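The values are calculated or read from the model by the stated rules, or taken from the named source; none is laboratory data. Bear in mind that the values here come from a model prediction, so they are computed numbers and not experimental data. Note: ideal-geometry Cβ built from the backbone for every residue, glycine included; neighbour counts use all protein chains shown. Side chains included, ligands, DNA and RNA excluded: accessible areas come from the protein's heavy atoms. Shrake-Rupley method; radii C 1.70, N 1.55, O 1.52, S 1.80 Å.
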Amino acid sequence: MLMEAYRSSGEKPIDAAIPSVFAQALTEQVHRQQPKLAIEIGMANGMSTLAILAGLPADGKLISIDPNQESQWRDAGRRLVALTDAGIKHELREAPDFLALPDLIREKQSVDFAYIDGMHTFDYVALDTFYIDKLLRVGGIVAFNDCGFRSIHKFLRFFRSHRHYMEIDVGLPADFRGRNPLVTLLRRFEGRSNQDRYFRKLDCWEPEHNFFRNF
């Protein structure tokens with residue numbers, strides 16, 4: 001379903017689409033988790049959207065948060081989903097993450113799976129993860145895209161030391177390739193692999209008000 005719908009859409013990637021090996025791993029992990037509610041932050045061309053929808057159970061639902069679906073992506077993701085029979089499981093919220101995620105908390109939503117692929121600055125990834133942690137049930141999974149970015153690599157060091165999650169090996173090989181050989185070498189030296197990383201929530205732990213660990 002995934003690649004067939006993409007090819008038949010006639011869309012060409014603007015400047016973003018997750019690699020097919022990432023999409024396959026995403027579908028497999030969603031299928032294993034069998035989420036009633038999944039969330040993705042950043043829809044773009046819709047490749048991750050289709051990957052999640054392909055793994056959802058019959059009673060599952062995906063909420064995509066993307067304030068730029070129409071303005072930046074020319075509705076490419078929305079049109080791609082419309083070409084499949086999975087659109088009934090999908091809801092798009094065209095609002096910034098810092099507004100849409102608190103709305104979900106106010107709605108008392110309980111999330112089983114989340115995929116974070118929005119703004120890639122440290123503060124935005126931290127904000128997304130903060131709210132996802134509030135929404136995610138114990139045993140739920142959160143996954144991060146573009147982990148080779150310095151901002152996300154650094155954030156994940158913070159995340160692993162400041163929340164109780166266990167990283168899951170989903171079988172994606174390490175990939176340190178960058179724009180040029182120097183960047184590739186630097187990424188390898190710093191351990192900044194590009195593959196998506198997945199984490200399972202272990203409990204609803206909250207730190208003391210002055211808690212801090214070096215990261």
- Take every Cα-Cα pair in the range 64-215 and report what % of them are more than 24 Å apart. 42 percent
- Message: Antiparallel versus total DSSP beta bridges in the chain: what percent is that, nearest 5?
- Response: 30 percent
- With every protein chain in place, what's the accessible area of LEU135 (1.4 Å probe, Å², nearest 10)? 10 Å²
- Query: the range 66-156: which trypsin sites (Lys or Arg not before Pro) are DSSP loop and have at most 16 other beta-carbon atoms within 10 angstrom?
  - Reply: ARG74, LYS108
- Taking a 1.4 Å probe, which of THR49, THR121, THR184 shows the most accessible area, and what order do the others take after it? THR121, THR184, THR49
- Query: Build a GNM of the chain with springs between Cα atoms under 10 Å: which of LEU37, LEU62, LEU83 gets the top mean-square fluctuation?
  - Reply: LEU83
- Query: Around ARG188, what is the net charge, scoring Lys/Arg as +1 and Asp/Glu as -1 over all other residues with Cβ under 12 Å from its Cβ?
  - Reply: +1
- Task: May I ask you to derive the relative contact order of the chain, considering only C-alpha pairs under 8 Å and at least 6 residues apart, and to give it as an integer percent?
- Result: 18 percent
